[in-house]
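These notes concern the structure reproduced below.
The values are calculated or read from the model by the stated rules, or taken from the named source; none is laboratory data. Bear in mind that the values here come from a model prediction, so they are computed numbers and not experimental data. Cβ coordinates were reconstructed from backbone atoms using ideal geometry, including for glycine residues, and neighbour counts include every protein chain displayed. SASA here: full protein model, heavy atoms, side chains in, ligands and nucleic acids out. Shrake-Rupley method; radii C 1.70, N 1.55, O 1.52, S 1.80 Å.
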Amino acid sequence: MSAPAAGEKMESQSQMVARLRATFRSGVTVPEEFRRTQLTGLMSMIKDNEDQITDALHRDLAKPKFEAVLSEIEIVLNELYHSISNLARWMQPEYVSKSLATKLDDCFIRREPLGVVLIIGPWNYPLQLLILPLISAIAAGNCVVIKPSEVSGATEGLVAELIPKYLSQDCYTVACGGAEETKALLENRFDRIFYTGSQAVARSVVQAASVHLTPVTLELGGKCPCLIYGRINITAAARRLVWAKYFNAGQSCVAPDYLLCTKAIRDALVPALREVLEEFYGKEPKESPDVSRIVSDRHWTRLMELLKKTAGTVVVGGEANREDKYIAPTVVVDLQEDDALMGQEIFGPILPILTVETLEEGIDFINRKEKPLALYVFSDESSVVKTVMENTSSGGFCSNDAIIHMTLPSLPFGGVGMSGWGSYHGRWGFEEFSHRRACMLRGWALERLNGLRYPPYSSEKLKWLRWTTSPHSCSIM
Amino acid sequence: MERQVVQRAKEAFLSGRARGLEFRLQQLHALQSMITEKETEICTALKQDINRSQYDTPLLELIGIENEIKLAIEKIAEWTAPRPVEKNLLTISDEVYVQPEPLGVVLIIGAWNYPWALTLLPLIGAIAAGNAAVVKPSELSECSSLLLRALLPRYLDKDLYPVVMGGAAETQELLRLRFDHVFYTGSSAVGKLVMEAAARHLTPVTLELGGKSPCYIDKDCDIRVACRRITWGKFVNCGQTCIAPDYILCEPCIQSRVIECIRRTLLEFYGADPKCSADYSRIINQRHFTRIMSLMEGYTPVVGGQSDPSQCYIAPTVLKDVPPHSRLMQEEIFGPVLPIVTVSDMDDAINFINEREKPLALYIFCSNKKEAKRMIEETTSGGVTVNDVMMHYSLSSLPFGGVGQSGMGSYHGKHTFERLSHHRACMLRSLNMESVNLARYPPQDRVSWKTGRLCLLRTRMRQSCP
C-alpha cells in the first residue's frame with residue numbers, strides 16, 4: 001500500500017492500479033521528454049542517497065560498501081546513462097523492407113507502451129533487480145507498480161520512501177507487503193508482470209497472469225554449472241571464481257553454483273582457492289568487512305542443513321555463526337550427483353567440487369539438469385570452450401570469468417527453460433516492456449493492382465499476385 | 001499415445017540432427033515441394049472443409065507459405081550466425097555476441113480457418129530455428145487435418161515433426177506434457193487455458209488470439225475504394241478471419257453511402273446470389289452457423305441476411321445503426337455479418353476503440369495522413385493498416401501478433417525464427433589481462449576502491465557518446 005497523507009484513507013490495491021491506469025490513459029507517459037525527466041529523477045535519487053542506500057543494504061545483507069557500490073549503485077547508474085542517451089533512438093519507428101505490392105506504402109514497426117506493469121523484486125540485490133527493470137519500464141512509457149521484497153526490509157523501506165520523492169506519484173507507486181499482499185496484488189490486471197525470484201513462486205505468478213492474458217517476464221535461477229577443463233592458469237581462474245562465488249555470500253542468481261573438473265585440476269585448485277580466499281578476506285573471514293552475511297535465519301538454517309546432510313568433505317571453511325547469520329566461504333569435495341548440495345540451488349557461500357574424467361562426462365552431467373541461468377567454462381583451450389558452448393544451453397554463457405557477462409547492457413540478460421523467459425538490460429529491456437505494433441499506411445492509388453485479389457477469381461490474376469507479393473520482387477525495381 | 005510421440009520428438013531433438021544448417025535447409029526444401037506438388041489436394045480439402053474457392057487458397061495461404069519458405073532458405077545462414085554486440089572498455093578484448101539457439105520441442109496448435117498457414121508458418125520458423133515440432137491441427141477443418149497428417153511424414157522427418165490429431169480432450173492431454181514453447185492460434189478463452197496449462201512446466205507461450213477488429217471510415221475519404229477493400233477483407237473466407245474488419249465505425253452522414261458502396265461491390269464480387277458463386281465460402285459447422293445467426297436476432301439487415309442451415313450458408317450481411325451494447329458488439333463475430341456503429345467524429349471513434357479490449361488489428365480509412373497518424377498514436381492494437389485491410393499480415397518483415405486480450409508474441413518471416421529461438425548472451429574472455437580485473441577484488445582499501453569506480457565511470461562516459 002502506498003503511504004497515505006495525514007488524515008487520508010489508505011488506498012486499496014485495486015484503487016491504486018485503477019489510478020495508474022487512468023494516468024496511463026491520459027497519455028502523459030508517452031512523450032520522450034517525460035520519460036527522460038523521470039529517468040533523470042531516478043538518477044538523482046540514486047546519487048543523492050548513496051549513503052542511505054549502502055547503509056540499508058548493509059542492514060539487510062551486511063553488504064560491504066564496495067559490493068553495494070559496484071553491484072547496486074554503479075550498475076544502476078550505468079543503465080540509466082545508457083537508457084537516457086539511447087532513448088530517442090529506441091523510440092523511433094523502424095522502417096522495414098517491402099514487397100512490390102507494398103512498395104509505395106509506409107511500412108514500419110512502432111514501439112508502444114503496454115500500460116500498467118508490475119515489477120516484483122527479490123531480496124539478494126534488492127535495489128539493482130528492482131530498479132533495472134523499472135528503468136526499462138519507464139523508458140518504454142509505462143506506468144509501474146513497484147513491489148520490493150519484504151525480506152530485505154531496510155531497502156524496501158528506503159525505496160518506498162524515496163520513489164515518491166523523485167518520480168511522478170501518479171505514474172509509479174511502491175506497493176509493500178509479504179506473500180499475502182503479493183497474491184492479492186496479482187489478482188489485479190496488469191499489462192505485463194516482471195518477476196525475479198524462484199521457480200515455485202513463478203508458477204503461481206504465471207497462473208495468476210493467465211487469467212488476464214498478461215504477458216510475463218520471469219528471471220529465475222537454478223544451478224549454474226562451472227566446468228574447468230584442459231590447460232588452465234589455476235591462480236587466475238581461482239581468483240575469478242572466488243570473486244564470483246563469494247560475492248554477496250554466494251547469494252547471486254548467476255553465481256557459479258558448483259564446479260566440475262578432473263581430479264588433477266581439483267587437487268591443484270583447492271589450495272589455490274584457499275590462497276585467494278586468504279588474499280581477499282584475510283585469515284579470519286568473519287572479521288573482514290568485505291564478507292556479506294546470509295539474508296535471514298531461514299536461509300541460514302537451510303544452508304546449514306545442506307552442510308549437515310552432505311556426504312562430501314569440507315576442505316575449506318565450514319565455520320558458521322547463527323546470531324550473525326555468518327557462514328564462512330566453504331568448499332566441499334568428494335560428493336556425488338545425488339548429494340544434498342546438488343538437489344537445489346545453493347544460493348550461499350558453499351562451493352561443491354565434483355569430479356569428471358572427460359569433457360563429455362562433464363557436458364552430459366550438465367545436460368542431465370535443467371537449463372541454467374548461466375554456464376561457465378574455464379579453459380585456456382578455445383576448442384574446449386567451443387565444445388561446451390555448442391553442446392549445452394543456458395540463459396547466458398561466459399568463459400574464463402563469471403557474472404561479469406551480465407554487466408554489459410548490450411547483452412540480453414535472461415534465462416531459458418526453468419531459468420526463465422524473456423530478457424532485459426539496455427535495449428532488450430526497452431523491447432520487453434514495449435509492444436511492437438506493425439503499421440502499414442497505404443494510399444488510394446493502385447486499386448487496379450489491388451483488384452488482382454478480388455473475386456471473381458481467375459488463374460491469370462493469381463499469377464500476377466504471386467509475383468507482386470514475393471519478397472524478391474522489390475529487387476527487380 | 002501423445003506421450004510417446006512427444007517423447008520420440010524429444011529424443012530426436014536431443015540426437016542433434018535438427019541442428020545442422022544443411023538438415024534445416026533440406027527440410028524447408030521438402031516442405032516447399034509438398035506445397036507445390038500437392039496444391040490441388042490442399043485446395044480440394046479446403047473446398048470440402050469450408051467451400052473455399054480454388055483461388056482463395058493459394059491467395060490466402062499457399063503463396064504466403066511459399067514466400068516464407070523462400071525467405072527462410074535464403075536467410076537462414078544470416079539468422080543463425082552469432083550477432084556481435086557493442087562492447088565497453090572492460091570487455092574490449094573479449095568476444096561478445098548473442099547466439100540464437102533452438103529451444104527444443106515446440107507444440108504448434110493450429111486453427112481451422114486457415115489450417116495450412118496457421119500451422120505451417122510457425123512450423124517453418126520452428127524448423128529454421130533448429131527445433132523439433134509437434135503439430136496439432138484443428139479437428140474442425142477435418143479434411144485439411146487428415147491431409148496434413150498424411151502428407152507431412154512423407155516429406156519431413158517423421159520423428160522430429162509429427163502430426164497429432166484430436167479435439168479438445170487430446171489437446172488437454174498434450175498440454176499436460178512438457179514442451180519448450182507452445183504456439184497457439186485460436187480464441188482468447190482457450191488461450192487462457194493454454195497459458196495456465198503451460199505454467200505448470202514454466203513453458204513460454206505465443207498466443208495468436210482474436211477479438212473485434214474495428215474499421216473506421218473517415219467521412220472525407222474515397223468511400224468507394226474504401227468499401228471495395230473492406231468488402232474483400234470482411235467476406236473473404238466468409239468472414240472467418242482473425243484480422244477481418246469486425247465492425248465499421250463512421251459518421252451517420254456517410255452511413256448510407258457506405259452501405260450502397262458495399263452492396264455494389266458485393267454484386268461485383270459474388271453476383272446477385274452469392275450462394276451460387278464459386279468464390280463464396282461457407283461457415284465451418286452448425287455450431288458456428290447457429291452462433292452467428294443468433295447474434296443477428298432482433299435486427300433487420302440492410303444488405304443480405306439470407307441463410308441456409310443445410311449448407312451452413314449465410315449471405316454477406318450488413319446491419320446499420322447497431323447499438324454499441326448489443327450482443328453483436330460484445331463478441332468477435334467471425335462470420336459474414338458487418339455491423340455499422342455510428343460515431344460523431346474521429347475522436348469519438350478513438351474513445352470507442354479505447355474503451356474496449358486491445359484488438360488484433362485496427363483499420364483506418366482516412367485521406368489525411370496526419371489525422372491517420374494521430375489515430376494510430378492515440379490507440380493501440382496488434383497491428384494497423386491504413387486505407388486497406390489485412391495487408392499488414394502479408395508483409396513478412398512486419399511482426400504479426402496481438403497485444404492484451406488479442407495475444408502475446410508475434411511471428412512471420414524472421415520474427416518466427418526469433419520467437420522460437422533462445423538468444424544466448426555469450427562472453428568469451430581470456431585469463432590474461434588480470435590487471436584490469438584487480439580493481440574489483442577485495443580487500444577494498446580506499447585506493448583500489450576509487451580506481452575501480454573510475455574504471456566503470458570511464459565505461460559509462462564512453463557509452464553515452466552518440
* Does at least one position in the range A:441-461 carry a residue that is open to solvent by less than 20 Å² (accessible area, probe 1.4 Å) and within 40 Å of the chain's Cα centre (by Cα)? -> yes
* Asked: How many residues are of a type in the set (G, A, S), touching a Pro at 6+ places or on another chain (Cβ under 7 Å) and more than 7 Å from chain A (Cβ to nearest Cβ) if we restrict to the range B:395-412?
  -> 1
* Asked: Which residues, taken from the range A:214-231, are modelled with pLDDT of 95 or more and either of a type in the set (A, V, I, L, M) or within 13 Å of the chain's Cα centre (by Cα) (or both)?
  -> A:V216, A:T217, A:L218, A:E219, A:L220, A:L227, A:I228
* Asked: Do we find that B:C261 is free of Cβ contacts under 8 Å to residues at least 40 places away in the same chain, within 14 Å of chain A (Cβ to nearest Cβ), within 27 Å of the chain's Cα centre (by Cα) and not in a loop (DSSP other than H, G, I, E, B) in this structure?
  -> no
* **Of the criteria (1) part of a helix (DSSP H, G or I); (2) over 28 Å from B:E61 (Cβ atoms); (3) not assigned by the TED database to the domain that holds B:N354, which one B:S294 fails** => (3)
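For the range B:366-377, which positions are under 26 Å from A:P215 (Cβ atoms), more than 7 Å from every other protein chain (Cβ to nearest Cβ) and open to solvent by less than 30 Å² (accessible area, probe 1.4 Å)?
Initially, the range B:366-377 is screened for residues under 26 Å from A:P215 (Cβ atoms), giving B:375-377.
Still in the running and more than 7 Å from every other protein chain (Cβ to nearest Cβ): B:375, B:377.
B:M375, the sole residue that qualifies.
Quick one: would you say B:L267 is without any contact (Cβ under 8 Å) to a residue 12 or more places away in the chain and either open to solvent by 50 Å² or more (accessible area, probe 1.4 Å) or assigned by the TED database to the domain that holds B:E378 (or both)?
On the way: without any contact (Cβ under 8 Å) to a residue 12 or more places away in the chain: yes; either open to solvent by 50 Å² or more (accessible area, probe 1.4 Å) or assigned by the TED database to the domain that holds B:E378 (or both): yes.
Answer is yes for this residue.
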* Which of the strands (runs of 3 or more DSSP E) contained wholly in the range B:319-428 include at least 3 residues that are over 18 Å from B:Y247 (Cα atoms) and in contact (Cβ under 8 Å) with a residue 40 or more places away in the chain? -> B:421-428
* From the list B:G64, B:G16, pick out the single residue that is at positive phi, among the small types (G, A, S) and in the same structural domain as B:T119 (by the TED database). => B:G16
* **Residue ID - nearest to the chain's Cα centre (by Cα), chosen from residues in the range B:66-83 that are open to solvent by 30 Å² or more (accessible area, probe 1.4 Å) and either closer than 23 Å to B:N113 by Cβ or within 12 Å of another protein chain (Cβ to nearest Cβ) (or both)** => B:K70
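Of everything in the range A:427-441 that's more than 9 Å from chain B (Cβ to nearest Cβ) and part of a helix (DSSP H, G or I), which residue is nearest to B:M391 (Cα to Cα)? Before the answer, list the steps.
Within the range A:427-441, the first condition is being more than 9 Å from chain B (Cβ to nearest Cβ), and the residues that meet it are A:427, A:429-434.
Narrowing the set further to residues that are part of a helix (DSSP H, G or I) leaves A:427, A:429-432.
Values: A:R427: 29, A:G429: 30, A:F430: 27, A:E431: 24, A:E432: 26 Å.
Checked the range A:427-441; the qualifying residue nearest to B:M391 (Cα to Cα) is A:E431.
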* Kindly indicate the residue of the range B:301-318 that is part of a loop (DSSP other than H, G, I, E, B) and farther than 18 Å from B:I248 by Cβ and also most open to solvent (accessible area, probe 1.4 Å) among those meeting that condition. => B:Q306
* **Qualifying positions in the range A:147-161 - open to solvent by 10 Å² or more (accessible area, probe 1.4 Å) and either of a type in the set (A, V, I, L, M) or farther than 20 Å from A:L61 by Cβ (or both)** => A:V151, A:A154, A:L158, A:A160
* All but one of (1) open to solvent by 10 Å² or more (accessible area, probe 1.4 Å); (2) not assigned by the TED database to the domain that holds A:S296 hold for A:T217; which doesn't? -> (1)
* Structure fact -> B:I63 passes all but one of the listed conditions (1) assigned to a helix (DSSP H, G or I); (2) open to solvent by less than 40 Å² (accessible area, probe 1.4 Å); (3) in contact (Cβ under 8 Å) with a residue 24 or more places away in the chain; the exception is number (3)
* Output the residue which, of all residues in the range B:202-229 that are within 9 Å of chain A (Cβ to nearest Cβ), within 21 Å of B:F334 (Cβ to Cβ) and hydrophobic (A, V, I, L, M, F, W, C), is surrounded by the most Cβ atoms within 10 Å (Cβ to Cβ). => B:L207
* Structure fact -> Filtering the range A:205-219 for residues that are within 7 Å of another protein chain (Cβ to nearest Cβ) and out of contact with any helix residue (DSSP H, G or I) (no Cβ under 7 Å at 6 or more places or on another chain) leaves a count of 1
* Among the numbered conditions (1) in contact with a Gly (Cβ under 8 Å, 6 or more places away or on another chain); (2) open to solvent by less than 10 Å² (accessible area, probe 1.4 Å), tell me where B:T385 comes up short. => (1)
* Asked: How about the range B:142-200: which of its residues are touching a helix residue (DSSP H, G or I) at 6+ places or on another chain (Cβ under 7 Å), aliphatic (A, V, I, L, M), more than 14 Å from chain A (Cβ to nearest Cβ) and over 22 Å from B:L25 (Cα atoms)?
  -> B:L147, B:V164, B:M165, B:L174, B:L177
* Select from the range B:86-117 the residues that are part of a helix (DSSP H, G or I) and open to solvent by less than 10 Å² (accessible area, probe 1.4 Å) and write down the one among them that is nearest to the other protein chains (Cβ to nearest Cβ). => B:T91
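Take the residues in the range B:378-394 that are among the β-branched types (V, I, T) and within 7 Å of chain A (Cβ to nearest Cβ); name whichever of them is nearest to A:A445 (Cα to Cα). Walk me through it before giving the result.
At the first step, the residues of the range B:378-394 found to be among the β-branched types (V, I, T) are B:379-380, B:384-386, B:389.
Remaining after also requiring within 7 Å of chain A (Cβ to nearest Cβ): B:380, B:384-386.
Details: B:T380: 27, B:V384: 19, B:T385: 15, B:V386: 13 Å.
Taking the candidates together, the pick is B:V386.
Let's see how each residue does on (1) in a helix (DSSP H, G or I); (2) facing another protein chain (nearest Cβ under 9 Å); (3) open to solvent by 10 Å² or more (accessible area, probe 1.4 Å):
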residue: A:A56; (1), (2), (3): yes, no, no
residue: A:R59; (1), (2), (3): yes, no, yes
residue: A:V69; (1), (2), (3): yes, yes, no
residue: A:V76; (1), (2), (3): yes, no, no
residue: A:S83; (1), (2), (3): yes, no, no
residue: A:W90; (1), (2), (3): yes, no, no
residue: A:K98; (1), (2), (3): no, yes, yes
residue: A:C107; (1), (2), (3): no, yes, no
* Asked: Out of (1) modelled with pLDDT of 95 or more; (2) within 26 Å of the chain's Cα centre (by Cα), the odd one out for A:A18 is which?
  -> (2)
* Mind listing whichever residues of the range B:230-246 are in a helix (DSSP H, G or I) and open to solvent by less than 10 Å² (accessible area, probe 1.4 Å)? => B:I230, B:T231, B:G233, B:K234, B:F235, B:V236, B:N237, B:C238, B:G239
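Scan the range B:414-434 and tell me whether some residue there is open to solvent by 60 Å² or more (accessible area, probe 1.4 Å) and either in contact with a strand residue (DSSP E or B) (Cβ under 6 Å, 6 or more places away or on another chain) or modelled with pLDDT of 95 or more (or both). Give the steps one after another, and end with the answer.
So the first thing to find is which residues in the range B:414-434 are open to solvent by 60 Å² or more (accessible area, probe 1.4 Å), and the list is B:414, B:419, B:432-433.
Now restrict to residues that are either in contact with a strand residue (DSSP E or B) (Cβ under 6 Å, 6 or more places away or on another chain) or modelled with pLDDT of 95 or more (or both): B:414, B:419.
Yes.
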* **Among (1) away from chain B (no Cβ under 11 Å); (2) touching a residue at least 60 places away in the same chain (Cβ under 8 Å); (3) acidic (D, E), the one test that A:E33 misses** => (2)
* If we keep just the residues of the range A:164-199 that are within 10 Å of another protein chain (Cβ to nearest Cβ) and either acidic (D, E) or over 20 Å from B:S406 (Cβ atoms) (or both), which is surrounded by the fewest Cβ atoms within 10 Å (Cβ to Cβ)? -> A:Q199
